[in-house]
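Notes follow the structure.
Please treat every number below as a calculation from the coordinates, not as lab data. Predicted model only: the values in this text are computed from it and were never measured. Neighbour counts run over all protein chains shown; Cβ positions are idealised from the backbone, glycine included.
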Amino acid sequence: MAVVSPRTVAASLTELWSPRVIASLDDSYIKVAKLRGDLAWHAHDGEDELFFVLAGHLTIEMEAMTVELREGEAYVVPRGVRHHPIAAEECLVMLVEKKTTLHTGTEVTEHTRSVAEQLRPV
């Protein structure tokens with residue numbers, strides 16, 4: 001395992017909303033992504049999802065509440081909770097998800113990436 005800078009890797013990405021795996025931890029992947037705009041409303045029925053903002057600002061709308069995250073802040077979306085991530089400006093995030101987590105749950109959009117796509121070298 002090599003030393004990795006999540007922020008540097010996320011900043012180098014050219015695709016938006018296309019997470020990339022940078023590490024594996026037991027039954028979870030550590031991923032980074034570059035975001036701008038919004039991702040479809042979706043849920044992960046069997047998995048929690050941790051968002052950690054490396055740079056920028058992220059809004060996560062949920063049916064019961066909205067969370068605003070700034071650089072250095074994290075939030076766990078509980079399993080089964082429908083959520084809608086929004087980044088008005090470019091935002092870099094690190095995600096921690098079980099290896100079984102589907103990118104956009106059962107929703108399929110132009111932004112949906114398979115696990116194989118997320119495992120591509122950066």
Measuring from its Cα centre, the chain shows a charge dipole (+1 at each Lys and Arg Cβ, -1 at each Asp and Glu Cβ) which, in debye to the nearest 20, is 420
Based solely on its DSSP helices, what 222 nm [θ] is calculated for the chain when runs of n ≥ 4 H residues each add -39,500 (n - 2.57) and the sum is averaged over all residues, nearest 500 deg cm²/dmol? -2000 deg cm²/dmol
Given Cβ charges of +1 for Lys and Arg and -1 for Asp and Glu, the option among ALA11, HIS44, GLY105 whose Cα lies farthest towards the positive end of the dipole of the range 6-118 is ALA11
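Which GluC sites (Glu not before Pro) in the range 72-103 sit in a loop by DSSP (not H, G, I, E or B) and have at most 16 other Cβ atoms within 10 Å of their own Cβ? List each step's numbers first, then the result.
Details: sites: GLU73, GLU89, GLU90, GLU97; in loops: GLU73.
Here the GluC sites (Glu not before Pro) that fit, given the DSSP loop and packing criteria, are GLU73.
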In the range 26-103, what trypsin sites (Lys or Arg not before Pro) fall in a loop by DSSP, with at most 16 other Cβ atoms inside 10 Å? ARG79, ARG82, LYS99
Spin-label point model (7 Å from Cα, Cβ direction): what's the THR14 to ASP45 distance in nm? 3.7
